[in-house]
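The values are calculated or read from the model by the stated rules, or taken from the named source; none is laboratory data. Source: prediction; values computed, not measured. Glycine also receives a Cβ, built like all others from the backbone with ideal geometry; neighbour counts cover every protein chain displayed.
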Amino acid sequence: MRVDRIRLLNFKCYGDADLTLKRGVTVVHGVNGSGKSTLLEAVFFALYGSKALDDRTLDDVITTGEEEAEIELWFTHDNREYRVERRLKLRGDRATTTKCVLETPADTVEGARDVRRTITELLRMDAEAFVNCAYVRQGEVNKLIHASPSDRQDMIDDLLQLGALEEYRERASEARLGVKTVLDGQREVLDDVRSQVEQKETQDLHDTLNALETERDELVDELEHYETQREQAVDTLETAQDVLDRHEETREEIETLTDAIDSLQSKIGETERQRETAQNEIRDRKDTREKLAEERDDLLAELDREVGPAGDTDGDAGTDDETIESHIADLEARDEELQDELADVRASIQTKTEERERLREAAADLDAQATDAREDAAEFGERLADDESEIDAREEKLADLEDEIESLRERFADGEETDDGGSDNDGDSDNDAAVAFGETQARLDELETEREAVVADRNDITADIKAVDNAIEEAEALLEAGKCPECGQPVENSPHVDVLDEKREERAELAERRAELEAERAELDARLEDLEALREAERRVERLEDNRDNVAQLLAEKREAVAERRDQRDALREEADDLESEAESKREAADDLESEIDEIRATLGEINGDRSALKETIQTLERVREIADERAELAREIETRRERRADWQEMNDERRETLSTKRDRKRDLDAEFDEDRVQTAREDKQNAEGYIDQVDEKLAELEAERDDLQGKIGGVEEKLDELERLRDRLDTVEQRCETLESLYGEAETLQTTYGELRSELRQRNVETLERLLNETFELVYQNDSYAGIDLDGDYQLTVYQKDGESLDPEQLSGGERALFNLSLRCAIYRLLAEGVEGAAPMPPLILDEPTVFLDSGHVTQLVSLVESMRDLGVEQIVVVSHDRELVGAADSLVRVEKDATSNRSRLERGETPETTLLAAE
C-alpha cells in the first residue's frame, strides 16, 4: 500500500493543506508543536474514522472557531487506486459525520461503519493492529517491550492473524461445553419422559372415561327440567316488574314536572332582574358619552391654540375626522423625514466610530506584532549563540574522529605487496603484520585454508598413531604368549622377531610429526587471532568514516542554518521598526475621527428634540380620534342592551306558556294512579322471587355436580392427550440425544484442530520473526556487546551478550531499548509484508518522532535502520521528526511551519542533501 495524497480543510491546526507523497523515504520535518504529527493523525483518521481518536471525540478534530472540516485521502493498494473522503460538521455542541465515502475500483462504499469495515478487510488489520505494526506513534516506541507477555502475545498474534484461530478454538470449546450441557439435560429429560409414559400406561383411562360420560348425561336431563320451571317463574316476575316500573316512572315524571315548574318560575324572576340591570347600564353609558364629548372639545381647543384649527368641533361629522387624519398624516410624514435624518446621522457616527476603533485595534495589533518581532529576534540571537557552540563541538568531534581513524589506519601497511603469502614459518608473521587496509579478509581466508590443511594432516597422523598403538599392543600380547608378533607362530621357529621394535620406532616418528603439526596449528591460531583484531579494526574504521561523513554533513547544514538565522534576526528587527511607525500613524488618524464624532453627536441631539415635540402633537390628535371611536362603541353597546331587553321579554313570555303546559300535565298524571293493581303486582313479584331462589339453589347443586363430572372427564381426557404427547416427546428427545452426541464429537474434533493449527502457525511465525529481528538488529546496531536475540513460543524476548549472559530488554539503556523496539517493529512489518506463504501488500511504515528516546549516536543508527528498510523493498516510509540528522536519509522532504499569528500550520516541499547536490552539479 502507498499513500499518494492527503488534502485537509479545517483539520485541527491545518486550515487548508494539500500534500502529495512519493515512494521511498519521506521525512516530515519541523520544530516541536508545528503540526507534524497531526499530518499522520489525519491519514490515520481518514482510514479508520473515530476509532483513530483514542479517548478524544469528533469535536477535537474540527479547527477551533470553524464549523466544518474535510479530509480526503488517495492511496494505492495492491496496484489499485482508492479514495476516501470524510466531512464533519458542528451541530450544537457536538460534531457529526455528514459524509463518509470510499471510492474503490469496483464500487463506492458509503457510511462510516461500512467504510471502516471495508478498510479493515482491505488492509487485513483494524485500527489497533495498524498502530501496533505500521504506525509507530509518538511516545509509543517502547510499547511492545513494556507490554506484559500475554498482551505482547495477543498483539503479535492479532497482527499475524492468529488471534482469530484462538477465538475460533474458544468458540469451539464453548460450543462443545454447551452441547455437553444440553446433552446431559436432554438425557435427564429422556429418563423422566420414559418414566411418565410407563406410569400412565398402567392406568385404565378409557373405561373410566365411559362411566363418567354416562353419569353426566343423566344429570343434564334433570337440569333441563328445573330450568324450564324457572323460566315460567321469570316470566311472572317480569310482568309484575313492568307494572311496578310504570308506577315508578309516573311518580318520577310528577317529581320532574314539579322541579321544572319551580325552575321556570325561578328563571322568569332572574330574567326580569337582568332586564332591570341592562336599563341601568344604558343610563351609565349615555353619561360616559357626554363626558368623552367634553374631553374631545377640550383637546381640540388646546390644539387650536398651539398649531391652528384642527377642524370643526361641533357634532360627529365626517369632515372632522378627515381633517384630524390629514393633520396626523402630515405630522407623521415630517417625523419620518426626521427619522431618516436621524438614521443618517447615527450611521455616520457608527461608521466613524467603527473606523476609529479599527484604527486603534490595528495600532494595538501592530504594536503587538512589533513586540513579537523583537522577541523573535532576541530568540534568534540566543539560538545563534547555541548554534555556534554546537558548531564548535561538532568540529571538535570531527577532529577526534579523524585522529581515531588515522590511529587505526597506522596499524596497517601502505598497501604494497610484501610477500607471496606462503605458508612457511619464516616470513608469514611479518606478512600478517604488514597486511594492507582492506585485505585482512583475504588473508584470513588464506590462513583458514592453511589451518584446515594442518588440522587434516594432524588428524591423519593421529589415526596412524592409533593404528600403530593397536599393532604394538597386539604384538606384545603375542610375545607374552610366546608367539611371533607378525605371523603368530612360536618365537623360536619364526624369522620375524624384530618387528615390534620397528613399529615402536615408527610410532615415535609419527608422534614427533604430530607435535610439529600441533605447533604449526598453534602458530596459525595466533596469527588468525592477530588478523581478526585487524579485521575488527577495519570495521571500526568503516563505521568511524560513516560517522565522520555524517558529522561533516551536519556541520555544513548547521553553518548554513546559522547564516539563515542571523539574516532572519536582522530582518525581524527592521520589521519591528516599520510596525511601530505604522502603529503611531493609525493612532493619530483615530484621534482626528474622535473630534468629527463629537460634532455629529450635537446634530443628533437637535433632531431628537424636534421629534419629541412632533410625537406629543401626534399623541393628542390620536386621542381625539380614539374618543370618537369610544363614543361610537358606547352607542353600539347601548343599542345592544336595548335589543337584549326586548329578547329577554320575549323569552319570559315563552317560559310562561311552558309553565302553564307543565302544570296541566302534572294534574293528568296525578289522576292515573291505581293502588290495587300495584299491590297485586308486588305480591306476584314476591312469590316469583321466592320460587326462583329455591330453584336456583337446586340448579346450583346440579350444575356443581355436572361441573365436577365434566372436570373429571376433562382430567381423564387430558391424561389421555398427555400420554400421546409424552409418547411423541419421547421419540423427539431420543432423536435429539443422538444428534447432540454426534455434534459433541464434531465440536471436540474442531477445537483440537484449531489449537494444533494455531500452535503450528505460531511456531513458524516465531522462527521467521526471530530470524528477521536478528537480521534487522545486527544490521543497524554497531555495539559489539550483544550476540543475538532469542524469541520463544510465547513471544518472550531475551537479549544475549557476547559473554553469553542473557538480559531482559528492560535492562537495556534508554537509547538501546528504543532502537531495539524499532527493530522489533520493523521485523514484524517485514514478516507481514513477506508473509508466511507469500508477499502481501502492506501500509506505509510510519514513524512519528522516533528519536524521542535516542541520543545522537543512536539517531545515526536509526538512519541506518530506515535506509535498510528501504533497501529491503519497503515501498513507502514516512518519518516525522524535529531532528535534522534524519533529513539525510530522506528521498523527499516536507517542512511544516506554524504561523504565530493565525496558529495555523502550513506545508512546503524541502530539498534533501541529495537534491541540493544534484542542483549544484
ask   = Checking Thr214 against (1) hydroxyl-bearing (Ser, Thr, Tyr); (2) exposed (fewer than 11 other Cβ atoms within 10 Å of the Cβ); (3) under 30 Å from Thr732 (Cα atoms), which test does it fail?
value = (3)
request  = Answer yes or no as to whether Thr440 is modelled with pLDDT of 75 or more and crowded, with 17+ Cβ neighbours inside 10 Å.
outcome  = yes
Condition check for Gln710: surrounded by 14 or more Cβ atoms within 10 Å (Cβ to Cβ) and polar (S, T, N, Q) = yes
inquiry  = Let me spell it out: the conditions are (1) modelled with pLDDT under 85; (2) among the acidic types (Asp, Glu); (3) surrounded by 13 or more Cβ atoms within 10 Å (Cβ to Cβ), and Asp498 meets all of them except one. Which number is the exception?
reply    = (3)
ask   = For segment 382-406, what are the residues that are free of Cβ contacts under 8 Å to residues at least 12 places away in the same chain and among the aliphatic types (A, V, I, L, M)?
value = Ala385, Ala393, Ala399
task = Please find, among Glu748, Glu683, Glu756, the residue that is at pLDDT below 80 and surrounded by 14 or more Cβ atoms within 10 Å (Cβ to Cβ).
result = Glu748
Filter result for the condition that a residue is under 21 Å from Leu219 (Cα atoms), touching a Leu at 6+ places or on another chain (Cβ under 7 Å) and surrounded by fewer than 16 Cβ atoms within 10 Å (Cβ to Cβ), over Glu705, Glu734, Glu741 = Glu705
query = Do we find a residue being part of a loop (DSSP other than H, G, I, E, B), over 30 Å from Ala175 (Cα atoms) and of a type in the set (Phe, Trp, Tyr) anywhere in segment 691-713?
reply = no
request  = Please indicate, with yes or no, whether at least one residue in segment 569-587 is within 30 Å of Arg296 (Cβ to Cβ) and either free of Cβ contacts under 8 Å to residues at least 40 places away in the same chain or in a helix (DSSP H, G or I) (or both).
outcome  = no
note = Restricting segment 539-597 to residues that are of a type in the set (Val, Ile, Thr) and either loosely packed, with under 13 Cβ neighbours inside 10 Å or under 30 Å from Gln441 (Cβ atoms) (or both), the one modelled with the highest pLDDT turns out to be Val541
inquiry  = Please verify whether Arg275 is at pLDDT 80 or above, assigned to a helix (DSSP H, G or I) and surrounded by 13 or more Cβ atoms within 10 Å (Cβ to Cβ), treating the condition exactly as stated.
reply    = yes
query = Yes or no: Val491 assigned by TED's automatic domain parsing to the domain that holds Glu520 and either at pLDDT 80 or above or closer than 30 Å to Arg543 by Cα (or both)?
reply = no
note = Just one listed residue, out of Glu406, Glu388, Glu416, is at pLDDT 80 or above and either touching a Cys at 6+ places or on another chain (Cβ under 8 Å) or more than 16 Å from Leu531 (Cβ to Cβ) (or both), and it is Glu406
request  = Inspect all residues belonging to segment 590-599 and state whether any of them is within 30 Å of Arg411 (Cα to Cα) and part of a helix (DSSP H, G or I).
outcome  = no
ask   = Considering only residues of segment 75-100 that are touching a residue at least 60 places away in the same chain (Cβ under 8 Å) and in a strand (DSSP E or B), which is surrounded by the most Cβ atoms within 10 Å (Cβ to Cβ)?
value = Phe75
ask   = Which of (1) within 14 Å of Arg86 (Cα to Cα); (2) within 19 Å of the chain's Cα centre (by Cα); (3) not hydroxyl-bearing (Ser, Thr, Tyr) does Leu39 not meet, given it meets every other one?
value = (1)
ask   = Filtering segment 786-832 down to residues that are modelled with pLDDT under 75 and in contact with a Gly (Cβ under 8 Å, 6 or more places away or on another chain), which residue is farthest from Leu21 (Cα to Cα)?
value = Ala787
query = How many of the residues in segment 105-124 are touching a residue at least 60 places away in the same chain (Cβ under 8 Å), over 12 Å from Lys51 (Cβ atoms) and among the hydrophobic types (A, V, I, L, M, F, W, C)?
reply = 1
